[in-house]
Amino acid sequence: MRIALVSFDADPITVSDSPCGPASCVGDLAVALTEAGHGVTILARRTARNVPEVATPRPGLWIRYLAAGPAEPLEGSRAVAVMPQLAHYLTQLWRSDAPDVVHSHGWMSGLASVAAVRERGLPLVQTFLGLGRLERDQVGRAAATRGRVSAEQVVALRADRVLAASEADAFELVRLGVPRGSVSVVPRGVDVDAFDPDGPALRRRSLRPRLVTAGSLRRAGGVDDVIRALPSVPDAELLVAGGRPPAGGGPDPDLVRLYHLARRVGVGARVRLLGPVQRSTMPALLRSADTVVDAPWFTAFGSVLLEAMACRRPVVATAVGGVRDIVADQITGLLVPPRRPDELARTLRAVLSEATMPEAYGIAGRDRILARYAWPRIATATAAAYCQVVEGHTEAAAASGQAMAGPRSP
């Protein structure tokens, strides 16, 4: 099958992305699909000047960069403004070289893809990188980009199939009006070879119990709550991976906020803000943890939890969104309410004081990852969804042809 992965706002090569972010997910899915024998083209907007028009990182996988807007990462309304131009490029490309199926990632990619598939009648599968209405409802503020919620609804209703990352996302999509039969739950996967328990671990500077957290550093990412819990977790150190590289010589404001928070609550000496961490370093960082903690206010994916469990590490996480699908409470780790640093501290103390339970959580977590979240399994489920929409289009085209031909003469 020839597959087009549209990923304008999550380029797996040039975008600066957290190691457990959406760009790495798109790249890993593409690799898994090529290993299953499919031909995959990732279509991304050019976000740097030094990238070629087409890259071929491995046999069967191509990355085509489309020039629209400045060759730099764009966010918010600036990114939305170039979507019509990107839709035009896709339309032109698919007139001469149409894929069997289009799979767009993110609502902005979805807007461009919906417009581009119309001319050729191509099958369209959609994955959202989080849902604006969930963010609005659970964080208590409007989605960052005006019109995002209504745009997501339009894209979801026009796609042939929507792949939800979790049961929570599937429920929200049905609330948006998407027929339940058009929604499939296909979670993110994890590279179980790279994230393996047997490998080097990041060196320790002391004998302190080590907590590790990674991902978004925005307030809703929950790192603030982990730092607020730390005064009640005696002697433990916290390593925080994430953030953006310095832009224009200035530091990441989220890192600055967390630095001052740690000093204010009296744990500055026990918090290490690592900043952006290379994806290749993440397995060693996670292996070095006594416990991996993830405390977002809402989430669609929980990728750092997948990676930690693959490394056989016990996890403590907030019971939100896709986390409730990933973590089996009291089997592979422990779940706590969001925005409750007191509950988080109590749970972390309990895990760090146990002698055998963390090891049991780690073993059960690795088993759960191998059974449910390894990339070959996720690629198989994704390809099955592709086949269903392709077959549906083929049957619809055949029925349309028969209708146009009219009844046969006796």
Would segment 67-77 turn up any residue that is small (Gly, Ala, Ser), over 19 Å from His103 (Cα atoms) and touching a residue at least 60 places away in the same chain (Cβ under 8 Å)? yes
Which residue pairs have Cβ atoms closer than 6 Å, lie 6 or more positions apart in sequence or on different chains, and pair a first residue in segment 192-221 that is farther than 15 Å from Glu307 by Cβ with a second residue that is open to solvent by 30 Å² or more (accessible area, probe 1.4 Å) and outside any loop (DSSP other than H, G, I, E, B)? Pro209/Leu352
Can you name the helices (runs of 4 or more DSSP H) wholly within segment 292-363 that have at least 3 residues being touching a residue at least 12 places away in the same chain (Cβ under 8 Å) and open to solvent by less than 30 Å² (accessible area, probe 1.4 Å)? 303-310, 341-353
Checked against (1) open to solvent by 10 Å² or more (accessible area, probe 1.4 Å); (2) in contact with a helix residue (DSSP H, G or I) (Cβ under 9 Å, 6 or more places away or on another chain); (3) in a loop (DSSP other than H, G, I, E, B), Ala289 satisfies every condition except (1)
Go through (1) more than 21 Å from the chain's Cα centre (by Cα); (2) closer than 26 Å to Arg148 by Cβ; (3) small (Gly, Ala, Ser) for Ala55 and report which single condition fails. (2)
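The values are calculated or read from the model by the stated rules, or taken from the named source; none is laboratory data. Remember, it's a predicted structure, so these values are computed and weren't measured experimentally. Ideal geometry is used to build each Cβ from the backbone, glycine not excepted, and the neighbour counts take in all protein chains shown. The accessibility values were calculated without ligands, DNA or RNA, using every heavy atom of the protein model including side chains. Shrake-Rupley method; radii C 1.70, N 1.55, O 1.52, S 1.80 Å.
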